[in-house]
Amino acid sequence: MRSATVRKIIGAYDDPVVRAYCWARFWILRQRFLDEIGQYLPAEGPVLDLGCGFGLFSLYYAATGPRRFLRGIDVNARRIALARRAAARLGIDNVAYEVADARHFKGDGEVGAAYMLDIVHHVPPETVVPLLAQLRRAVAPGGVLLVKDVDTRPATKRWFTWALDKAMAPRTPVHYWSAERLAEALQASGFRVRRHLMVDVLPYPHVLYIGEAV
Ligand SMILES: C[S@@+](CC[C@H](N)C(=O)[O-])C[C@H]1O[C@@H](n2cnc3c(N)ncnc32)[C@H](O)[C@@H]1O
């Protein structure tokens, strides 16, 4: 049933290049990882997807959690337009999208949960700590910020990830954070942090950080 949801979401995009990208993303973050991430999301209430891209994961978590309300933001206007069109086609109405820079997101304790999937390494490193501090203000006490990113070690896995990032978006700079440094940055921003190692047969050094707003 849930992989049928994934197939439906992919089928909601017309452009074959976007569909291929969605297949690749759902292949990298496949069912097991969707469940590993999803277990930390509340079953209801507002959930923020920062850097939502084409909207595939927000659509997935909205479709599988009808009492959630997903709000996806991304700087890329074309991606947001495609996310809106996919939501309309799928008849998923517990999701909304807007074009915005995550670094300018202002919130005041109204978000129960927020997540960033492979965003931190695309954001200029000096802006990551201020971004996390903004998000700490947006997330309600007891709420959660999930960050899925890639570790800098082992180096072979980092190079593999770098090659894929460059293949997908050659002009976008990337800066990977070691798991220790990113955990420290989350902690310094007011989150109690646990690391969930997402062990993969593919050479990805995935790490999921669960930041509890204290
Ligand atoms: C690797 S993609 C990941 C997209 C989506 N989270 C996923 O997992 O498929 C990175 C996304 O981050 C967006 N992005 C990069 N910097 C951003 C920022 N400062 N604010 C909002 N979105 C940003 C890009 O436009 C792109 O859609």
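Throughout, read-outs are computed from the coordinates displayed, never taken from laboratory work. These figures come from a predicted structure and were not determined experimentally. Don't worry about glycine lacking a Cβ; one is built from the backbone with ideal geometry, like all the others, and counts go over all protein chains shown.
Here is how the number arises for the chain: DSSP H runs of 4 or more residues each give -39500 (n - 2.57), the sum is divided by the residue count, and the result at 222 nm is -12500 deg cm²/dmol. When we measure straight from the Cα of LYS8, which aspartates and glutamates land under 19 angstrom away, once same-chain ones fewer than 8 places off are left out? Within reach: ASP35, ASP93. Candidate cross-link partners of LYS157 among the aspartates and glutamates, defined by an alpha-carbon separation under 19 Å and a same-chain spacing of 8 or more, comprise ASP118, ASP149, ASP165, GLU180, ASP200. With neighbour counts taken as other beta-carbon atoms within 10 Å, the residues VAL201, VAL123, VAL6 rank, fewest first, as VAL201, VAL123, VAL6. Among THR64, THR161, a tally of other beta-carbon atoms within 10 Å of each Cβ gives an order, fewest to most, of THR64, THR161.
Out of the DSSP beta bridges found with both residues in segment 2-213, what percent are antiparallel (nearest 5)? Please list the in-between numbers first.
Details: 14 of 34 bridges.
Just about 40 percent of them are antiparallel.
When only Cα pairs below 8 angstrom with a gap of at least 6 residues are kept, the chain shows a relative contact order of 17 percent. Label positions at GLU44 and ARG30, each projected 7 Å from the Cα along the C-beta direction, are separated by 3.5 nm.
Rounded, prolate or oblate, given the Cα gyration tensor of segment 76-214, with a/c below 1.5 counting as rounded? It comes out oblate by the Cα gyration axes.
Estimated at 0.36 nm per residue, the fully extended path between ASP15 and ALA167 surpasses their Cα-Cα distance by 52.9 nm. Two numbers describe the Cα atoms of segment 1-56: Rg and Dmax, which are 12.1, 33 Å.
The residues ASP14, ASP165, ASP200, ASP74, when put in order of fewest to most other Cβ atoms within 10 Å, stand as ASP14, ASP200, ASP165, ASP74.
Using the Cα gyration tensor of segment 15-109, with a ≥ b ≥ c the square roots of its eigenvalues, what is the shape: rounded (a/c below 1.5), prolate (a/b larger than b/c) or oblate (neither)? Judged from the Cα gyration tensor, segment 15-109 comes out rounded (a/c under 1.5).
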